[in-house]
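A.B. asks: Got a structure for you, written out below as structure tokens; questions coming shortly.
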Amino acid sequence: MISLLELLHSVRLEEKSGMINVDSWRWPDVDHLINMGFEFGDDFHLNTPKDPKITVYKKKDLDQSSGKKQDYFYVEEKGRETKRFKSFNDVIDYFDTYSQPDLDKNR
């Protein structure tokens, strides 16, 4: 069991690394992921509850072209390269073309 002190320390580390709390995301973005079957993993991540295990989070990161920090969405899945997206619409487009073997085999 995690103590309150450990939890607060973990939250502070996430914030220092640029992670953006899910409470600060636009509600339609969070709602869209929830409707897709994602669940709250913690204050910073939304995860799928079963395979394929996918994690979505939002983070302030350096934009290579401007040299300024900008908000990006990240999609992580075991065995695949982490994807970075500038907008939530880009995340939606990614999932629209996402291979789903259980559904694809019925086509």
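A.B. asks: Give just the number: which of (1) out of contact with any His (no Cβ under 7 Å at 6 or more places or on another chain); (2) not in a helix (DSSP H, G or I) does D31 not satisfy?
C.D. replies: With respect to (1) out of contact with any His (no Cβ under 7 Å at 6 or more places or on another chain); (2) not in a helix (DSSP H, G or I), D31 is out only on (2).
A.B. asks: In the set K68, K53, which member is at pLDDT 90 or above and at negative phi?
C.D. replies: On the way: K68 fails: at pLDDT 90 or above.
The conditions single out K53.
A.B. asks: Tell me which residues, restricted to the range 17-53, are crowded, with 18+ Cβ neighbours inside 10 Å, out of contact with any Leu (no Cβ under 9 Å at 6 or more places or on another chain) and among the β-branched types (V, I, T).
C.D. replies: I20
A.B. asks: Still on this structure: Applying the selection to the range 54-94, what residues are within 11 Å of the chain's Cα centre (by Cα) and loosely packed, with under 14 Cβ neighbours inside 10 Å?
C.D. replies: T82, R84
A.B. asks: Does T97 satisfy being exposed (fewer than 11 other Cβ atoms within 10 Å of the Cβ), farther than 20 Å from M19 by Cβ and either within 14 Å of the chain's Cα centre (by Cα) or modelled with pLDDT under 95 (or both)? It would help to see each step written out before you state the result.
C.D. replies: Working: exposed (fewer than 11 other Cβ atoms within 10 Å of the Cβ): yes; farther than 20 Å from M19 by Cβ: yes; either within 14 Å of the chain's Cα centre (by Cα) or modelled with pLDDT under 95 (or both): yes.
So T97 fits the description; yes.
A.B. asks: Separate question: Give all pairs with beta carbons closer than 6 Å in which a residue from the range 72-100 that is closer than 14 Å to V56 by Cβ meets a residue that is exposed (fewer than 12 other Cβ atoms within 10 Å of the Cβ); count only pairs at least 6 apart in sequence or on separate chains.
C.D. replies: If the second residue must be exposed (fewer than 12 other Cβ atoms within 10 Å of the Cβ), the pairs left are Y74/T82; E76/T82.
The values are calculated or read from the model by the stated rules, or taken from the named source; none is laboratory data. All of these numbers come straight from a predicted model, not from anything done at the bench. No Cβ is skipped: glycine too gets one built from the backbone with ideal geometry, and neighbour counts run over all protein chains shown.
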